[in-house]
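What follows is a short report on a single structure.
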Amino acid sequence: MIFNKSEIIENLQGKNDPWLFAEADRVRRSVFGDEIFLRGIIEYTNYCKQDCHYCGLRRSNRTIRRYRLTPAEIFSAVEMVVDQKISTIVLQGGEDPHYSADWIADLIKAIVDKFDLAITLSLGQQNPEVLRLWREAGANRYLLRIETWNRENYCQLRPGRQWENRLNCLKALRELDYEVGSGIIVGLPGETPDSLAEAIIGLTELDLDMIGIGPFIAHPQTPLKDEPNGSITLTLRTLALMRIMNPFANMPSTSAMECAEKGARIAALKIGMNVIMPSITPERVKKLYNIYPGKNAASDDSEHSIAAVMEIIKEAGYRRSYSQGISPNLVRRRQGKTIKQQ
Ligand code: 5AD
Ligand code: SF4
């Protein structure tokens, strides 16, 4: 089902939440049944050359202790994922110039040579040659949030960056046959019902394989420290609308939900989200991946974060899947079915 802009705005304002949330879960069950896909996320560096106004890892934040995982630490995290029968890893980091494109390519090759894993990268905006190198090395998927659909807002919040370039990067990823994920932060300063509705329509038009959306959480060491957090209710409505309009996309219940409000990660699973991504970053540095307050703070070691995620799945009334969880949207695209029908 596709909503027009005024229908989206009405639903964002709470026109009929019981219907909206039930419909999102119905759509999710029609494609994914009661299964939840797991992704082990390894946050391998918290250095970043960017200065995004909303993010605690921004380069101007001098109060944060920076870290880089050693290759041995990355490998033992991957082994831990495999031991837990999770079949997808996400390599995430700030945009850290310390690592060359070749170094990352070698890391990807070393992982795919040894393990049967789907590899997702979340390594920021890169040029098409670099993305090709990593794709050829064996990476399958790429996450790059567009963050906001409001272009002026984007330029203010991401100094020196242009919205169109981010969009072009998403197009390049598609051309390179990556499974492509994007999304926004709900509740960034400057967002309006109109711009959020446009984001919902725009993201849907991108025909994404993965869609990651979470609420804004003000970080005390950033210029946005005094801004209000994004609303959980508005985020849930946004997620439900996105699920209904994108039945075949993999959509995580993000950790930002839980940081903003206890129990919100379960709530998101119940209204159509079908993915959960426990952090497998080693305990010695986990808390330092502090994009927003509360991120990685709750659980200590990786076994505990996986156990916590299992609890959440059970409590929400769903079942853990052991598959790599390729996006049905990508499968359909490869089969030449481009029309989003249910
Ligand atoms: N609140 C919520 N999400 C944030 N991100 C960065 N900073 C914040 C924040 N303060 C998100 C961005 C980024 C992802 C890794 O984390 O969308 O793409
Ligand atoms: Fe760096 Fe990403 Fe944070 Fe921006 S959002 S400062 S690119 S880690």
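The values are calculated or read from the model by the stated rules, or taken from the named source; none is laboratory data. Keep in mind that what you see is a predicted model, and the values were worked out from it rather than measured. Quick reminder, even Gly has a Cβ in these numbers, built from the backbone with ideal geometry, and neighbours come from all protein chains shown. When the accessible area is computed, the model is the full protein with side chains, heavy atoms only, and any ligands, DNA or RNA have been set aside. Shrake-Rupley method; radii C 1.70, N 1.55, O 1.52, S 1.80 Å.
Observations
- Excluding ligands, DNA and RNA, the accessible surface per residue across the range 182-337 is 36 Å² with a 1.4 Å probe.
- Stretch in the chain that is longest and holds no chymotrypsin sites (Phe, Trp or Tyr not before Pro) that DSSP places in a loop and that have at most 16 other beta carbons within 10 Å: 116-321
- Gyration tensor verdict on the range 12-140 (Cα atoms; rounded if a/c is under 1.5, prolate if a/b is larger than b/c, oblate otherwise): oblate
- Cysteines not pairable in the chain (beta carbon separation under 4.7 Å absent): Cys48, Cys155, Cys169, Cys259
- Amide H contacts under 5 Å for Tyr47: Tyr67, Gly94, restricted to partners 5 or more places along the chain or on a different chain, H placed in the peptide plane at 1.01 Å from N.
- Charges were assigned to the Cβ only: +1 to each Lys and Arg, -1 to each Asp and Glu. The resulting dipole of the range 119-267 about its Cα centre is roughly 260 debye.
- Apolar share of the accessible surface for the chain: 50 percent from carbon plus sulfur atoms, 1.4 Å probe.
- Here the Karplus curve 6.51 cos²θ - 1.76 cosθ + 1.60, taken at θ = phi - 60°, turns the phi angles of the range 220-237 into couplings of x, 9, 10, x, 9, 4, 9, 7, x, 5, x, 7, 5, 4, 5, 5, 4, 5 Hz, with x standing for Gly and Pro.
- Every helix of 4 or more DSSP H residues in the chain counts as -39500 (n - 2.57), and over all residues that averages to -13000 deg cm²/dmol at 222 nm.
- Partners for Lys314 among aspartates and glutamates (Cα-Cα distance below 18 Å; same-chain residues under 8 apart left out): Asp25, Asp34, Glu35, Glu258, Glu303
- Per residue, the accessible area of the range 17-118 comes to 42 Å², computed with a 1.4 Å probe over protein heavy atoms only.
- Remark: the chain carries a charge dipole of roughly 100 debye about the Cα centre, counting +1 on each Lys and Arg Cβ and -1 on each Asp and Glu Cβ.
- For trypsin sites (Lys or Arg not before Pro), the sites in the range 1-85 that DSSP calls loop and that have at most 10 other Cβ atoms within 10 Å are Arg62, Arg65, Lys85.
- FRET efficiency, Gln13 to Val112 (Cβ-Cβ, R0 56 Å, nearest 0.05): 0.75
- With the simple model of a label 7 Å out from the Cα in the direction of the Cβ, His98 to Arg68 spans 0.4 nm.
- Relative to the current alpha-carbon distance between Met1 and Leu167, full extension at 0.36 nm per residue lengthens the span by 57.3 nm.
- Share, in percent, of DSSP beta bridges within the chain that are antiparallel, nearest 5: 5
- Placed amide H near Thr281: partners under 5 Å, 5+ positions off or other chain: Glu43
- Extension gain from Arg319 to Val331, taking 0.36 nm per residue of separation minus the Cα-Cα distance: 2.1 nm
- Overall, the ratio between the Cα radius of gyration of the chain and 2.2 N^0.38 Å, rounded to two decimals, is 0.92.
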